[in-house]
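No value in this document is a laboratory result; all are computed from the given coordinates. Small disclaimer: the values here were computed from a predicted structure and weren't measured. For neighbour counting, all protein chains shown are included, and Cβ atoms are generated from backbone atoms with ideal geometry for every residue, glycine included.
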Amino acid sequence: MSKKNIIDTLNERGFIKQTVFPDELYKLLGSQSVSFYIGYDPTADSLHVGHYLTLMAAGFMQRAGHRPIILIGGGTAMIGDPSGRTDMRSMMTPEIIRHNVECFKKQMAKFISFEGENAAIIVNNADWILPLNFMDFIRDIGSEFSVNKMLAAECFKSRMEKGLTFLEFSYMLLQSYDFFELFKKYGCVLQCGGDDQWSNMLFGADLIRKKLAKEAYVMTFELLTTTDGKKMGKTMKGALWLDENKTPPYEFYQYWRNIEDASVEKCMKFLTFTELDKINELTAHKDERINEAKRVLAYEITKLIHGEAAAIDSEKQAFAAFSGNADDMPKVEIPKGTEKLVDILFETKLAASKGDARRLIEGGGIKVGEDKIDDVNYAVSGELLADGFVLHKGKKIHVRVTVRE
């Protein structure tokens, strides 16, 4: 165990939003190695920035001697968590879930270790949820829940106007049952997660106290948001993914290099393992010197997710784009015969779709060389295609385009 209590470490970096029985939890985490869990629904084949903060917290906790249990919601993903949603989430097949779990584990290994004395483990709640007998479950678990209290929970409020199905309503019971099962199987006494999960987590700890007469704890973390409360990690193309095939390292680097000044210190504390003294030194000035902190932030985050070589390359490309040196810009090849700018934007992944490409052009966000293009039917000349050209998307993304031989 680290001599320093992990609660102090997480508080210093601004992670913790809410806990229950804080004094008892502080004492517990300071006196012994504790098994804790964080749940992730395998709804895609990659994690995104929305998962980043909880994984960093898990990394800090493991470094302090505690054991992470990564719960994959293979069972609950077949229902869909209504928290923070106004629509019903699509259900998934077991085959897709298994594939997504394998992708998750590779990405999670960058934050936490699956080896050693307090090695992280991955469990799938499908193992205990799918075999459940409905009548037994409702009698043994459902009888412990007050419908009045459930309806008052924040996670259901956004769904009430459009209609909340019984399928979604049961999610809270199943997530609570997860904590109950992990407590019994692995001695897991603490559930952690984003603060939007607070209601679900409280019900789980309460179930353990009612059924087992044992203490259980929950701890929520701040959500990663901008100063105006919007979730970070949203781009024009959608989510900022940790998979390089969904979000290339250069785009990933550029996102952090260009975040608002007011968020730099917070992101360095949340999303890097950089020591606090170094962070305080880098973010001490709020003038143009904050750009060095942004550079370090972008480099450290990209290194953690994509490796040092990708971080160095992205930094080099970003400098080349800033200085106008086309030779060092990110290079993208397009198929021979691709001439229309709409098609080129799609092929280079600067646009998520051809419709997105048209909107970018109409909005004045695209330049070919030094020429701003506002014609959605624009075609790049044969001369430019033969020599290669620089394509600019806004002020942040610049790539050199050549035709594939």
Yes or no: region 254-264 includes at least one residue that is within 23 Å of the chain's Cα centre (by Cα), buried (at least 21 other Cβ atoms within 10 Å of the Cβ), assigned to a helix (DSSP H, G or I) and among the β-branched types (Val, Ile, Thr).
yes
Every residue from region 358-378 that is out of contact with any helix residue (DSSP H, G or I) (no Cβ under 8 Å at 6 or more places or on another chain) and either of a type in the set (Lys, Arg) or free of Cβ contacts under 8 Å to residues at least 12 places away in the same chain (or both)
359, 363, 364, 367, 370, 371, 372
For region 358-377, name all the residues that are buried (at least 17 other Cβ atoms within 10 Å of the Cβ) and either part of a strand (DSSP E or B) or hydroxyl-bearing (Ser, Thr, Tyr) (or both).
366, 368
Among the residues that make up region 126-134, is at least one of them within 15 Å of residue 71 (Cα to Cα) and among the charged types (D, E, K, R)?
yes
So residue 6 passes all but one of these: (1) aliphatic (A, V, I, L, M); (2) touching a Phe, Trp or Tyr at 6+ places or on another chain (Cβ under 7 Å); (3) within 25 Å of residue 102 (Cβ to Cβ). Which condition number does it fail?
(3)
Identify the single condition in (1) in a helix (DSSP H, G or I); (2) over 17 Å from residue 251 (Cα atoms) that residue 317 does not satisfy, given that it satisfies every other one.
(2)
Restricted to region 205-245, and to residues that are of a type in the set (D, E, K, R) and either part of a strand (DSSP E or B) or in contact with a strand residue (DSSP E or B) (Cβ under 8 Å, 6 or more places away or on another chain) (or both), which residue is surrounded by the most Cβ atoms within 10 Å (Cβ to Cβ)?
222
Taking region 56-71 and the residues there that are buried (at least 21 other Cβ atoms within 10 Å of the Cβ) and among the hydrophobic types (A, V, I, L, M, F, W, C), the one that is farthest from residue 37 (Cα to Cα) would be 64
Every residue from region 26-40 that is surrounded by fewer than 20 Cβ atoms within 10 Å (Cβ to Cβ) and not basic (Lys, Arg)
26, 28, 30, 31, 32, 33, 35
Those residues of region 344-356 that are crowded, with 16+ Cβ neighbours inside 10 Å and under 13 Å from residue 391 (Cα atoms) come to a total of 7
Select, from 389, 346, the only residue that is within 25 Å of residue 247 (Cβ to Cβ), under 29 Å from the mean Cα position of the chain (by Cα) and free of Cβ contacts under 8 Å to residues at least 60 places away in the same chain.
346
